[in-house]
Amino acid sequence: MQIRVKCKCGEGKCREWAVVELQGVVEAQPAFQDRLQNLEIGVLCRPSSQQVYTFKVGYHELTGSKVALKKPILVLHKTKHTHTDVGTHTNSSNVELQVIGIIRHRILFKTRPKPLISKPQLAVKEKASATGAVASNQTA
Amino acid sequence: MEQTQSGNGGAEAVLNLEPSSSISIAYHSLFGPHDDLILLELDEKLLPDILQQRITLRGQPDEDAVLCTGSKTYGIKFVGNSNSVFLIPPSDQTEFCENSLDCKRKDDDQQGVASVIKVAPGNMELVEVAPRLDKLKLLLSENPYTFQEDLEMEDLEVVEKGNTGLYKWDDLVEKVQASDEELRSELQALSAVEIGGYWRIVDVKYMDTILRMLLHNSVINDWSLDALNEDEVVSMLESDGYPHKLAHHCLHVYGNKVDENLSRQVWKLDERRVCVHFAREILKEGKKKMESFMKEWMQKIPEGMQASFDMLEGEVLTERLGVETWIRAFSVSSLPSSPAERFSILFRERPKWEWKDLQPYIRDLSVPGLSSEGLLLKYTRRSQPTQDAEPVFSAR
């Protein structure tokens, strides 16, 4: 079997995807765990002209930076077409791989979260506090 | 707080976040495991191959897939990441923007929102590997081209349907885990030839007949084996009843093109290849005493060629039984190309090897990232009875 990796990016550049990476996991409150869609995770802020970023998740704040990846990462999309041959009743599936993006940077938060003493004002509105997202540190 | 200018913010809003601004990161309306999204880390130098769609994945369902460029083969391994890796596509990534209402809602939002489509559990990495070419030999050996077939099928270009054990280039690419270039050079190493669209190995006996006819013709016509005119040689063999394709193939297998003139192609027979061929023929039936082998070999070698025992490195093994030295065929080309299997067969053949004997049987092994010293360390035990004695290698 041979799968040709397709790429419609052409001669130009592939569309760049963004990655926000942090240690551990973000947990939504139990009420939201099975319907995360559209839920806010947190607010990413770039306080100065440096490549330093903060990420407020619930009552926690992470500090990190934007780093270039040593090697690029391609985002591939796999599609499977299944054909049924009426004559022989055999199924053959055709897998297609297409490059849909490239990742060259990540915004990496590798420190433990810092608790925010006062209730965060601007960023976390009602919606966010309903999330009550907590960054728990598993791997620090 | 400053508002981002990119409207509904996707990856671009995160990557180009202006100083003193912020963006909300939320789960996408289509957030999910999305197993159909695969991350593949690769060298910058492979990107042009990707953009020009020269990359393929090859392998049968029961094999670990490999990734091939035009010239190299890579193994693929999954590397997990215990961090949370939030993947944010560009805002207009069509795959995830089918819900126009949803995209619009974000547009209307006062603050830019970037949406996370998936938390990636890790990514794929590439490791350069040796191509898996042993299968090619197996496939082509299923149905070698024989003299018999020539009699049955006058016209070589006629392709019969339902031929078993016959493979076209496209079939080989589907079945063999190697890049196009590696596959092509292995076909050449196996002396395969494309006949009627199928890649074939020609039966040794048949090749022997054609070679001997060629040598016979050279004697009759007083041709020099160092300067054979392709047209003359091929048309003469054709008139002897051999197909054009095979006559031509014979020159390829046993000779080298020396002069590429506009009008005439000139070939020189390769002394080593011709001599090795006759040695193999003699040893086909089993082991022989050294003296009788050498005598027979010298008789078979065409006039003007010099056979020397060095030519048989990696082709024969000799052993002393009492006062006699015996010789038998043991060809490196018949051995598997994976180092583990190769060494296991070698040590089954002989528990102990001296370096000069072992070297011809392992010099062709190539494992990216492992030197030949590394191979020896990994698969053999080296012992040296005294300081100036030859080292001896045995199984680990």
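A few points about this structure:
- Residue in segment A:69-82 that is out of contact with any strand residue (DSSP E or B) (no Cβ under 7 Å at 6 or more places or on another chain), without any contact (Cβ under 8 Å) to a residue 24 or more places away in the chain and assigned to a strand (DSSP E or B) present: yes
- Scan of segment B:162-182 for residues that are away from chain A (no Cβ under 13 Å) and either in contact (Cβ under 8 Å) with a residue 60 or more places away in the chain or loosely packed, with under 14 Cβ neighbours inside 10 Å (or both), ordered by number: B:GLY162, B:ASN163, B:THR164, B:GLY165, B:GLU181, B:GLU182
- The test for being closer than 16 Å to B:MET305 by Cβ, more than 31 Å from the chain's Cα centre (by Cα) and in contact (Cβ under 8 Å) with a residue 12 or more places away in the chain does not hold for B:LEU211.
- Enumerated strands (runs of 3 or more DSSP E) restricted to segment A:1-60, each holding at least 3 residues that are farther than 30 Å from B:ASP62 by Cα: A:16-22, A:25-27, A:40-46, A:52-57
- Lone unmet requirement of (1) within 8 Å of chain A (Cβ to nearest Cβ); (2) under 30 Å from B:LEU136 (Cβ atoms) for B:PRO48: (1)
- Selection count where residues are within 7 Å of chain B (Cβ to nearest Cβ) and free of Cβ contacts under 8 Å to residues at least 40 places away in the same chain, scope segment A:22-53: 7
- Counting only residues that are within 13 Å of B:ALA395 (Cα to Cα) and hydrophobic (A, V, I, L, M, F, W, C), segment B:301-356 holds 6 of them.
- Residues of segment B:214-242 that are part of a loop (DSSP other than H, G, I, E, B), touching a residue at least 24 places away in the same chain (Cβ under 8 Å) and either out of contact with any helix residue (DSSP H, G or I) (no Cβ under 9 Å at 6 or more places or on another chain) or crowded, with 19+ Cβ neighbours inside 10 Å (or both): B:LEU225, B:ASP226, B:ALA227, B:TYR242.
- All positions within segment B:31-45 that are more than 7 Å from chain A (Cβ to nearest Cβ) and either in contact (Cβ under 8 Å) with a residue 12 or more places away in the chain or under 30 Å from A:SER48 (Cβ atoms) (or both): B:GLY32, B:PRO33, B:HIS34
- Index of the failed condition, B:SER71 passing every other in (1) facing another protein chain (nearest Cβ under 8 Å); (2) of a type outside the set (A, V, I, L, M); (3) surrounded by fewer than 17 Cβ atoms within 10 Å (Cβ to Cβ): (1)
- Sole residue being at the interface with chain A (Cβ under 7 Å from one of its Cβ atoms), at pLDDT below 95 and more than 44 Å from the chain's Cα centre (by Cα), chosen from B:SER21, B:SER6: B:SER21
The values are calculated or read from the model by the stated rules, or taken from the named source; none is laboratory data. Note that the structure is predicted; figures quoted are calculated from it, not measured. FYI the Cβ positions are ideal-geometry reconstructions off the backbone, even for glycines, and counts take in every protein chain you see.
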